[in-house]
Amino acid sequence: MLYLLLKTVHLLAVIVWIGGMVFAHFFLRPAVARLVPEVRLRLMHDVLGRFFKAVLGVVVLSLVSGSWLIGQVARQVVQAGGRFTMPVEWMIMSTLGGAMALIFVYIRWVLYRRLGRAVAASDWADGARALSQIRNWVAVNLVLGVVIVLVTLIGVSH
């Protein structure tokens with residue numbers, strides 16, 4: 001029962017994270033592109049601040065639940081007398097998921113702070129540069145997230 005609960009939490013966390021990136025990148029960003037820089041940057045700073053709080057939670061949930069799920073399977077295999085070898089798909093998922101978490105840390109605590117300082121100083125040019133960098137790194141994380149989903153669903157040996 002706990003396994004299914006944690007697997008559900010893991011999946012829902014990934015859906016929120018990837019879905020939020022899709023929304024921000026493909027729907028919100030183009031919609032606000034026509035706004036004047038002062039309005040666009042303030043709005044994006046506010047929206048991203050809210051989203052990043054949620055992402056912080058889902059990153060923690062994803063890493064903790066994913067680690068626990070792998071550990072649970074490894075423990076069961078060893079208790080049954082076997083030797084646990086992590087599947088290639090799980091290795092890819094954990095490696096890329098860890099990379100996504102590190103990229104998020106950079107986005108949230110470096111680039112987003114830079115955006116916040118620019119907005120506070122009404123430095124719209126620096127704010128636009130910070131927002132562009134955030135967009136680029138979100139795109140990288142989105143690609144990594146989609147690769148993880150595809151590898152998990154399809155596998156690598158097919």
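The values are calculated or read from the model by the stated rules, or taken from the named source; none is laboratory data. Please read these numbers as outputs of a predicted model, since none were measured by experiment. Note: ideal-geometry Cβ built from the backbone for every residue, glycine included; neighbour counts use all protein chains shown.
Brief remarks follow.
- Residue list for region 88-97, filter: of a type outside the set (A, V, I, L, M, F, W, C) and either surrounded by fewer than 14 Cβ atoms within 10 Å (Cβ to Cβ) or not in a helix (DSSP H, G or I) (or both): 95
- Cβ separations smaller than 7 Å between residues 6+ apart or across chains give the following pairs from region 60-89 residues that are at negative phi to residues that are at pLDDT 95 or above and among the charged types (D, E, K, R): 69/7.
- Residue in region 45-65 that is loosely packed, with under 13 Cβ neighbours inside 10 Å and outside any helix (DSSP H, G or I) present: no
- Only one of 139, 130 that is among the small types (Gly, Ala, Ser), closer than 23 Å to residue 56 by Cβ and exposed (fewer than 14 other Cβ atoms within 10 Å of the Cβ): 139
- Annotation note: Cβ proximity below 7 Å between a residue of region 117-128 that is on the phi < 0 side of the Ramachandran plot and without any contact (Cβ under 8 Å) to a residue 40 or more places away in the chain and a residue that is part of a helix (DSSP H, G or I) and surrounded by 14 or more Cβ atoms within 10 Å (Cβ to Cβ) (sequence gap 6+ or interchain) occurs for 126/118.
- Entry remark, region 78-87: residues being surrounded by fewer than 13 Cβ atoms within 10 Å (Cβ to Cβ) and either of a type in the set (Gly, Ala, Ser) or more than 17 Å from residue 156 (Cβ to Cβ) (or both) number 6 in total.
- Annotation note: of 18, 103, 70, the sole residue that is of a type in the set (A, V, I, L, M, F, W, C), out of contact with any Lys or Arg (no Cβ under 7 Å at 6 or more places or on another chain), part of a helix (DSSP H, G or I) and within 15 Å of residue 149 (Cα to Cα) is 18.
Per-residue answers, yes or no, for (1) among the charged types (D, E, K, R); (2) within 24 Å of residue 70 (Cβ to Cβ); (3) out of contact with any Phe, Trp or Tyr (no Cβ under 8 Å at 6 or more places or on another chain):
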position: 1; (1), (2), (3): no, yes, yes
position: 5; (1), (2), (3): no, yes, yes
position: 8; (1), (2), (3): no, yes, yes
position: 18; (1), (2), (3): no, yes, yes
position: 22; (1), (2), (3): no, no, yes
position: 34; (1), (2), (3): yes, no, yes
position: 38; (1), (2), (3): yes, no, no
position: 41; (1), (2), (3): no, no, no
